[in-house]
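Worksheet for the structure shown next.
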């Protein structure tokens, strides 16, 4: 029996508001799922947590002379279905390649603000690794007395 056939006698889709509302929601949900399936638009996430990199970062004179450890957490939107099907590294977002690129870039950088560093990292990940969406946390341990770390969290791109 379909939902339309299960209406009580004397009622219809238009005279039973709660059922009509339920049907409208179900229809919308099914339509959205069908569109996503057709477009192949799924948002899986590949992540890297606590990637520690030594760099020059900060506004104070002593910070411009001493390398400090920053930590990165990344969530990168991607569709893993093809790589799961082929089991081939060429078909996936290679987190080792992302980490190596960021270690080299951040290690050579000398920004004053974590905000600037975060934006530059986001540009690299989005543009060089064909990632449509990124959530990035940049941690700067020991920057504020009494705090484990400080930093920024940014999201860039579009979730599909």
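Please treat every number below as a calculation from the coordinates, not as lab data. Note that the structure is predicted; figures quoted are calculated from it, not measured. Note that we place each Cβ from the backbone using ideal geometry, even for glycine, and neighbour counts take in every protein chain shown.
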Item checked: Debye-sum result for the range 98-143 in log10 I(q)/I(0), which assumes one identical scatterer on each alpha carbon, at q = 0.22, 0.25, 0.27 Å⁻¹ -> -0.80, -1.01, -1.14
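To the nearest 0.05, what FRET efficiency results for residue 109 and residue 18 with a Förster distance of 45 Å applied to their C-beta separation? Before the final figure, lay out each step's value.
Numbers: r = 58 Å, r/R0 = 1.29.
The computed FRET efficiency comes out at 0.20.
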Margin query: Starting from 0.36 nm per residue, how many nanometres of slack lie between residue 26 and residue 52 once their C-alpha separation is accounted for?
Written below: 4.8 nm
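Is the shape of the range 44-157 rounded, prolate or oblate, going by the alpha carbon gyration tensor and its root eigenvalues a ≥ b ≥ c, with a/c under 1.5 for rounded and a/b larger than b/c for prolate? Before the final figure, lay out each step's value.
Working: a/c = 2.49, a/b = 2.22, b/c = 1.12.
Cα axes put the range 44-157 in the prolate bin.
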